[in-house]
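Visitor: Could you have a look at this structure, given as structure tokens, before my questions?
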Amino acid sequence: GNSVTQMEGPVTLSEEAFLTINCTYTATGYPSLFWYVQYPGEGLQLLLKATKADDKGSNKGFEATYRKETTSFHLEKGSVQVSDSAVYFCALSTYSGYSTLTFGKGTMLLVSP
Amino acid sequence: DAMVIQNPRYQVTQFGKPVTLSCSQTLNHNVMYWYQQKSSQAPKLLFHYYDKDFNNEADTPDNFQSRRPNTSFCFLDIRSPGLGDAAMYLCATSSDRDEQFFGPGTRLTVL
């Protein structure tokens, strides 16, 4: 079956530090890959996505590249801000008429001034 | 803006007292999902509707039911809430594409 593994948190960084959150996946077929972000007390917001190998998703300074050879979709940001503090979920979707999301366990990011 | 709306944002109920959570969408998506998310965990899919077709996950307790009277609205009914049902409940929608759009969630407290 499908599965997503992401690094456990919390990840604690100082403002302007470089961020990497690792994500690897196992899936049959050709999944789409997503990073969702969840701020405290809120629902999930789509941060970025990639639908095929070698695609790079990017948004708000965050980037992730779909690496089929390593089955990875690591999230990176060059300079984090306090406002980036949230929980980040890596997810994959396989499509068979409708979307089915498989989530990783989530990684909490804490950024201090 | 097109969006997914959940009401109420916070719901308090008593042990065993039925409760209904509401979700509406202006995206005109044909698929609607309900997830349960407990603290520090990933969302867990309870069920989804593809148009009017209801699809229950195998491990969703019978205590949880859903209704979709039309394209825009979907309801989650918890017939007899237990303390273990306290959680964030997330509604999501999708069209024929693979992306899901989430609402802000309803935080359920069971006293």
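The numbers here are math on the coordinates, done by the rules we state, and not lab data. Predicted model, so just to flag it, every value in this text is computed and none were measured. Note: ideal-geometry Cβ built from the backbone for every residue, glycine included; neighbour counts use all protein chains shown.
Visitor: If you go through region A:22-47 one residue at a time, how many are within 11 Å of chain B (Cβ to nearest Cβ), in contact (Cβ under 8 Å) with a residue 12 or more places away in the chain and assigned to a strand (DSSP E or B)?
Guide: 8
Visitor: May I ask you to list the residues in region B:26-46 that are crowded, with 20+ Cβ neighbours inside 10 Å and either assigned to a loop (DSSP other than H, G, I, E, B) or in contact with a Cys (Cβ under 8 Å, 6 or more places away or on another chain) (or both)?
Guide: B:HIS29, B:MET32, B:TYR33, B:TRP34, B:TYR35, B:ALA42, B:PRO43, listed by residue number.
Visitor: Looking at region B:48-63, is at least one residue surrounded by 16 or more Cβ atoms within 10 Å (Cβ to Cβ), among the hydrophobic types (A, V, I, L, M, F, W, C) and without any contact (Cβ under 8 Å) to a residue 12 or more places away in the chain?
Guide: No, region B:48-63 contains no residue that is surrounded by 16 or more Cβ atoms within 10 Å (Cβ to Cβ), among the hydrophobic types (A, V, I, L, M, F, W, C) and without any contact (Cβ under 8 Å) to a residue 12 or more places away in the chain.
Visitor: Kindly evaluate A:THR102 against the criterion of being away from chain B (no Cβ under 14 Å), under 22 Å from B:GLN100 (Cβ atoms) and out of contact with any Cys (no Cβ under 8 Å at 6 or more places or on another chain).
Guide: On the way: away from chain B (no Cβ under 14 Å): no; under 22 Å from B:GLN100 (Cβ atoms): yes; out of contact with any Cys (no Cβ under 8 Å at 6 or more places or on another chain): yes.
In short, no.
Conditions (1) among the charged types (D, E, K, R); (2) farther than 18 Å from A:GLY41 by Cβ, marked per residue:
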| residue | (1), (2) |
| --- | --- |
| B:THR13 | no, yes |
| B:GLY16 | no, yes |
| B:SER22 | no, yes |
| B:TYR49 | no, yes |
| B:ASP59 | yes, yes |
| B:ASN63 | no, yes |
| B:ALA87 | no, no |
| B:PHE102 | no, no |
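Visitor: Here's something else I'd like to know. Please specify each residue of region A:3-28 satisfying the condition of being surrounded by fewer than 16 Cβ atoms within 10 Å (Cβ to Cβ) and more than 16 Å from the chain's Cα centre (by Cα).
Guide: A:THR12, A:SER14, A:GLU15, A:GLU16, A:ALA17, A:THR28
Visitor: Please find, among B:GLN37, B:GLN41, the residue that is more than 13 Å from the chain's Cα centre (by Cα) and closer than 20 Å to A:THR102 by Cα.
Guide: Numbers: B:GLN37 fails: more than 13 Å from the chain's Cα centre (by Cα).
Among B:GLN37, B:GLN41, only B:GLN41 is more than 13 Å from the chain's Cα centre (by Cα) and closer than 20 Å to A:THR102 by Cα.
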